[in-house]
1. Scan the range 138-151 residue by residue and report those that are of a type in the set (A, V, I, L, M, F, W, C) and either out of contact with any strand residue (DSSP E or B) (no Cβ under 7 Å at 6 or more places or on another chain) or over 17 Å from A318 (Cβ atoms) (or both).
2. Looking at (1) touching a Pro at 6+ places or on another chain (Cβ under 8 Å); (2) modelled with pLDDT under 90, find the lone condition where Y150 falls short.
3. Within the range 104-118, is even one residue touching a residue at least 12 places away in the same chain (Cβ under 8 Å), farther than 22 Å from N51 by Cβ and not assigned by TED's automatic domain parsing to the domain that holds D251?
4. Give me a count of the residues in the range 167-182 that are outside any loop (DSSP other than H, G, I, E, B) and among the basic types (K, R).
5. Which count do you get for residues in the range 231-285 that are without any contact (Cβ under 8 Å) to a residue 60 or more places away in the chain and in contact with a Phe, Trp or Tyr (Cβ under 7 Å, 6 or more places away or on another chain)?
6. Restricting to the range 152-169, give me the number of residues that are out of contact with any strand residue (DSSP E or B) (no Cβ under 8 Å at 6 or more places or on another chain) and of a type outside the set (D, E, K, R).
7. Go through the range 70-96 and report how many residues are of a type outside the set (A, V, I, L, M), farther than 23 Å from G188 by Cβ and within 24 Å of the chain's Cα centre (by Cα).
Amino acid sequence: MRARLKSCAVLAAALLAIPLYYVAPASAATQLCGATDTTPVSGGAYIAQNNIWGADTPQCITVDGTSFTVDSAGHNNATNGAPAAYPSFFKGCHWGQCTSSTATDPDGAEVMIWLNHRGGVQPAGSRVATGVQISGATWDVWYSRMNWNYIAFVRTSGTTSVNDLDLRAFTADAVSRGYIDDAWYLIGVEAGFELWQGGAGLATNSFGVDVGGPTTPPTTPPPSSDGCSATLRTDNAWNSGFTATVTVTNDGDTPLSGWSADWTFSGDQRVVNGWNATVTQSGSSVHAVNAGYNGAVPAHGSTSFGFQGTGSAPGAPAITCTAR
């Protein structure tokens, strides 16, 4: 049995969902308040869902054709965990409920497209690529292995709407990284809000998706998934310094025997000391090499090191990770 692909077009935290094409609204609005309440729209072409799945807190949405408004939401999930709800539209299948007669669940991959986000949330897993050009915008790519492959594309410059967003281009990028097999099937496209806290007042204008058409391979293939990637997180900061953790992830299908990480500070930051790696600095450029005991990283595994610095918190500089 072939694996299935679930492709999702979503927003993170609390911003407008993705309107792809306009579809005329229905004449009567419907309010959904139950955790699993749904309603068909556009003659059954799409289904709207309240979809409270990560909390027991209340939420109501009003659906009017291919637009909906979050009327009320009492969510208060921690932003470093799963969201409370994902009110959204979908075409295809969502965990057994389908707009067509064939019901199936995803077991291959889930692709998330974050047009915008706020409140300190981030995708699952770790960032594996930065500065990726797709569909006229720049994206960071995140990956995590769950019961299926989870791939998230995070727009580096947020927007509240898109038209003619080419979902095939995102899928082709994921195929090139080895996260999706090009023999898998697309079973669903969704768009909405992932809500961690609150959410009342958020609204969409319209939603539509067109599936099918000729397949055109990308003219410039994205980079290979072989090698490694790294991300920096500030753990603590005070007036004159900070501590940070850098997570190194093996993006390939074979183990690493060693790694190094390089980045450039944008301000007057200076590394004072490091642990779990040899960290050196020249000017604003920083170079880190694995310690003797954490250079071996299994396929799709990760390790981390930390350091203390002076100056202001460095934010999230782009890091070049090199497998050794």
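The values are calculated or read from the model by the stated rules, or taken from the named source; none is laboratory data. These numbers come from a predicted model, not from an experiment. Neighbour counts run over all protein chains shown; Cβ positions are idealised from the backbone, glycine included.
1. M146, W148, I151
2. It fails just one condition, (2).
3. Within the range 104-118 (the criterion being touching a residue at least 12 places away in the same chain (Cβ under 8 Å), farther than 22 Å from N51 by Cβ and not assigned by TED's automatic domain parsing to the domain that holds D251), the answer is no, since none of the residues qualifies.
4. Result for the range 167-182: 1.
5. Residues of the range 231-285 that are without any contact (Cβ under 8 Å) to a residue 60 or more places away in the chain, as a first pass: 236, 238-239, 254-255, 263-285.
Subsequent filtering for residues that are in contact with a Phe, Trp or Tyr (Cβ under 7 Å, 6 or more places away or on another chain) retains 236, 271, 273-277, 279, 284.
The number of residues fulfilling the criteria is 9.
6. Residues that pass the stated criteria total 5.
7. At the first step, the residues of the range 70-96 found to be of a type outside the set (A, V, I, L, M) are 71-72, 74-77, 79-81, 83, 86-96.
Imposing the further condition that a residue be farther than 23 Å from G188 by Cβ reduces the set to 71-72, 74-77, 79-81.
Those left that are additionally within 24 Å of the chain's Cα centre (by Cα): 74-77, 79-81.
Result for the range 70-96: 7.
Quick grid of which residues meet (1) modelled with pLDDT of 95 or more; (2) of a type in the set (F, W, Y); (3) closer than 25 Å to T249 by Cα; (4) buried (at least 18 other Cβ atoms within 10 Å of the Cβ):
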residue	(1), (2), (3), (4)
I61	yes, no, no, yes
K91	no, no, no, yes
D107	no, no, yes, no
I134	no, no, yes, yes
